[in-house]
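Supplied in structure tokens, the structure appears directly below.
The values are calculated or read from the model by the stated rules, or taken from the named source; none is laboratory data. All figures in this text were calculated on a predicted structure; none of them were measured in a lab. Backbone-built Cβ (ideal geometry, glycine too); neighbour counts: all protein chains shown.
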Ligand SMILES: Cc1ncc(C[n+]2csc(CCOP(=O)(O)OP(=O)(O)O)c2C)c(N)n1
Ligand SMILES: [Mg+2]
């Protein structure tokens, strides 16, 4: 279990996870729905707020830690994942949750995403995917559709968007899910699953930005998504990839893939036991290990 010591420790209502800071997002922003899903997931997983660390970069979505009763770090743009990896390795007993946007995670932070996935860092990453840079008032992001007109693309863009699900599946994330802010109950269910998963859990959540992304409206997302059928086997990578590729142009919501694999902290602990660490660290022993 992710941050096992933090899980199923308390019985709190979702609203008790609200901090004293008022939520400042625009009316109608999908991020509100995701935040509600997060409150519910934390309550349902019984996470002890004193064992929860919510880490973010910069963006509207990256303000989430202010609104949740938890320890928190509002770090640099694109660097939440790297900081979270450090926190998780130093304190594997804590539940580590990153919340951030498509720009934060896949543009400036894009260099970090594959490494959290391939290392199977034991944490939950909730990506608020609104296909735009919201905080800076509407620039094109790696998940923007070419038709999206923003300040940097007044005629639309010349690029196809990336596919975060394909990316996460192929880089080795061990829990990959997708949801839509308009369905906070599903958001809660999938985030709860991520919190309870041992390993790198990625949840991509579509979120409308009514202030700057006039294309990806609630209606657009409602029409885009379809619920993954109940008979989908989430341990089957081939089927997960087929779903991630958007059959018939429709985006799946639900759990695509899950797998059990040792996490980075477990492997490092095993490594230290095997080669010796701490005060008994012996560089000669380490050097000898590399000799045939
Ligand atoms: C190093 C650096 N470069 C650029 C910025 C400006 N900046 C702040 S937030 C942001 C993008 C936010 O977009 P996203 O992560 O998608 O979050 P959203 O606001 O859409 O939720 C940018 C480019 C910054 N703060 N720091
Ligand atoms: Mg965004």
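With respect to residue 135, determine if the residue is touching a strand residue (DSSP E or B) at 6+ places or on another chain (Cβ under 7 Å), within 15 Å of ligand 1 (Cβ to nearest atom) and either assigned to a loop (DSSP other than H, G, I, E, B) or within 20 Å of residue 85 (Cβ to Cβ) (or both).
No.
Next question. Considering only segment 175-188, I want to know if a residue exists there that is buried (at least 24 other Cβ atoms within 10 Å of the Cβ), touching a strand residue (DSSP E or B) at 6+ places or on another chain (Cβ under 7 Å) and closer than 22 Å to residue 24 by Cβ.
Yes, segment 175-188 contains a residue that is buried (at least 24 other Cβ atoms within 10 Å of the Cβ), touching a strand residue (DSSP E or B) at 6+ places or on another chain (Cβ under 7 Å) and closer than 22 Å to residue 24 by Cβ.
With the condition kept exactly as written, say whether any residue in segment 2-11 is assigned to a helix (DSSP H, G or I), modelled with pLDDT under 95 and surrounded by fewer than 22 Cβ atoms within 10 Å (Cβ to Cβ).
Within segment 2-11, the first condition is being assigned to a helix (DSSP H, G or I), and the residues that meet it are 4-6.
Imposing the further condition that a residue be modelled with pLDDT under 95 reduces the set to 4-6.
Cutting the leftovers down to surrounded by fewer than 22 Cβ atoms within 10 Å (Cβ to Cβ) gives us 4-5.
The answer is yes; a qualifying residue exists.
Shifting gears a bit: Would you be able to say whether some residue in segment 218-231 is in contact with a strand residue (DSSP E or B) (Cβ under 6 Å, 6 or more places away or on another chain), in the same structural domain as residue 126 (by TED's automatic domain parsing) and assigned to a helix (DSSP H, G or I)?
Taking every residue of segment 218-231 in turn, at least one turns out to be in contact with a strand residue (DSSP E or B) (Cβ under 6 Å, 6 or more places away or on another chain), in the same structural domain as residue 126 (by TED's automatic domain parsing) and assigned to a helix (DSSP H, G or I).
Can you tell me which of (1) within 20 Å of residue 200 (Cα to Cα); (2) out of contact with any helix residue (DSSP H, G or I) (no Cβ under 7 Å at 6 or more places or on another chain); (3) away from ligand 2 (no atom under 16 Å from the Cβ); (4) not in a strand (DSSP E or B) is the one residue 97 doesn't meet?
Every listed condition holds for residue 97 apart from (4).
Residues in segment 100-125 that are assigned to a loop (DSSP other than H, G, I, E, B), free of Cβ contacts under 8 Å to residues at least 60 places away in the same chain and more than 9 Å from ligand 1 (Cβ to nearest atom): how many? Outline the logic, then answer.
First, pick out the residues of segment 100-125 that are assigned to a loop (DSSP other than H, G, I, E, B): 109-112, 120-122.
Next, from what is left, pick out any that are free of Cβ contacts under 8 Å to residues at least 60 places away in the same chain: 109-112.
Now drop any that are not more than 9 Å from ligand 1 (Cβ to nearest atom), which leaves 110-112.
Here the count works out to 3.
Which of the following residues is assigned to a loop (DSSP other than H, G, I, E, B), surrounded by 24 or more Cβ atoms within 10 Å (Cβ to Cβ) and within 14 Å of ligand 2 (Cβ to nearest atom): 143, 64?
Selected residue: 143, the only one of 143, 64 that is assigned to a loop (DSSP other than H, G, I, E, B), surrounded by 24 or more Cβ atoms within 10 Å (Cβ to Cβ) and within 14 Å of ligand 2 (Cβ to nearest atom).
Within 16 Å of ligand 2 (Cβ to nearest atom), over 25 Å from residue 39 (Cβ atoms) and either at pLDDT 95 or above or buried (at least 21 other Cβ atoms within 10 Å of the Cβ) (or both): which single residue out of 133, 151 fits that description?
Result: 133 is the single residue among 133, 151 that is within 16 Å of ligand 2 (Cβ to nearest atom), over 25 Å from residue 39 (Cβ atoms) and either at pLDDT 95 or above or buried (at least 21 other Cβ atoms within 10 Å of the Cβ) (or both).
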